[in-house]
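Report on one structure; see the data block that follows.
What follows is calculated from the coordinates using simple rules that are stated; it is not laboratory data. It should be emphasised that the depicted structure is a prediction, and the values quoted were computed from it without experimental measurement. Virtual Cβ from ideal backbone geometry, glycine too; neighbours counted across all protein chains shown.
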Amino acid sequence: MAQWLEYCLAAKPEKLDGLTARLTANGAEGLVIEDEQDFRRFLEDNRQYWDYVDEELEKRMTGVAQVKFYVPATDDGRAEAEGYLAGLTDVSVTITPMEEEDWANGWKKYYQPLEIGKRLYVVPEWLPHQAPAGRVSLILNPGLTFGTGAHPTTQLCLEEVERYAAEGQRVLDLGCGSGILSIAALKLGADYALGVDIDPKAPDVARENGELNGVSPESYRLLAGDVLGDKSLQTELAGRPWDLILANIVADVIIPLSGMVGPWLAKGGRFLCAGIIDTRAGEVRAALEGNGFIIEDALERKGWCAFACRRAGEGSA
Ligand code: SAH
């Protein structure tokens, strides 16, 4: 039996504010407003992440201007909803029955365990953690950060991490988000990792994910900061050489990083970069080569590219 009813009211974008105000005046609470124009504005304000936007979400928001509210699936609930809708004409209402689960935790449905590469098993915290034979579980609760493992660019990166991570390494994870890449490296044998993200929520989320995976706090340090803009952060990152530097961000960040991170690498160390939309792969390749890198691996999946490279003139480690 459904426990809740979702009332979804579609409106012309310019009528959305008025509709929301009327519902509020009628006593409706907890309104969920979905507006493509707001979404587009959000994208515009966050242009540096633009090519990273989830295409499914973009598709879902196209042409959308609607407001939703929820009431219990009882006669009282229906009467309550009628009260909220009083006097509203010229809107189309769709009523959908929902389970408690769907409503509170609907997003969790979209995260299933993922077998990645040959050795990894990315599993959400709320599902059984047992990995299939021969695989290492990477337990994650991404919360409100990037890095669920579901995006093709993260998968490419994880495959590269699987290929290049080795016992005893020191790993730098630029744009660590949920920590998925550095935690994978630690679980595959690395000794120490440092994760950095411009999003102030990320270090706490990554730290908690590290704990979920039994990573000791001494071997996993996390910092918030802008790796391109913060000079003192750069000095700190440059302080000791890294065997692996990971950056799954976007072309506009990878290109300037390619001119920075070479000297931060240990001899024979590798720079693994991804988040590069295919139309910009040529530009990124040129920047990497122009900055003295040799590209060892170039991967592409669903329009996303990743490069594994090392410094020219060092020979393969
Ligand atoms: N490493 C995760 C998340 C990648 S999303 C994964 O592979 O799935 C890219 C991340 O880079 C985001 O969390 C974003 O906040 C961060 N980021 C973008 N620009 C940055 C910058 N200049 N400095 C530090 N982090 C940055």
Subject >> DSSP-loop trypsin sites (Lys or Arg not before Pro) across region 185-256, with at most 14 other Cβ within 10 angstrom >> reply: K201
Subject >> Förster radius 35 Å - calculated FRET efficiency between A133 and R221 (Cβ-Cβ, nearest 0.05) >> reply: 0.60
Original post:
Short version: ³J(HN,Hα) in whole Hz for each residue of region 72-83, in order, from phi by Karplus 6.51 cos²θ - 1.76 cosθ + 1.60 (θ = phi - 60°), x for Gly and Pro, what are they?
Top reply: x, 7, 9, 4, 4, x, 5, 5, 4, 4, 4, x
Original post:
For region 252-314, what is the relative contact order in percent, using Cα pairs closer than 8 Å and at least 6 residues apart in sequence?
Top reply: 39 percent
Subject >> Centroid-to-centroid separation of region 254-268 and region 137-202 [C-alpha atoms, Å] >> reply: 18 Å
Subject >> Sorted peptide list for 148-154, 295-301, criterion being average Cβ within 10 angstrom, highest first >> reply: 148-154, 295-301
Original post:
So for R280, R119, fewest C-beta neighbours within 10 Å to most, what's the order?
Top reply: R280, R119
Original post:
Given the C-alpha centroids of region 269-304 and region 5-32, what is the distance between them in whole angstrom?
Top reply: 46 Å
**OP:** Using packing as a proxy for protection, rank 129-141, 87-99 so that the peptide with the highest average count of other Cβ atoms within 10 Å comes first.
**Re:** 129-141, 87-99
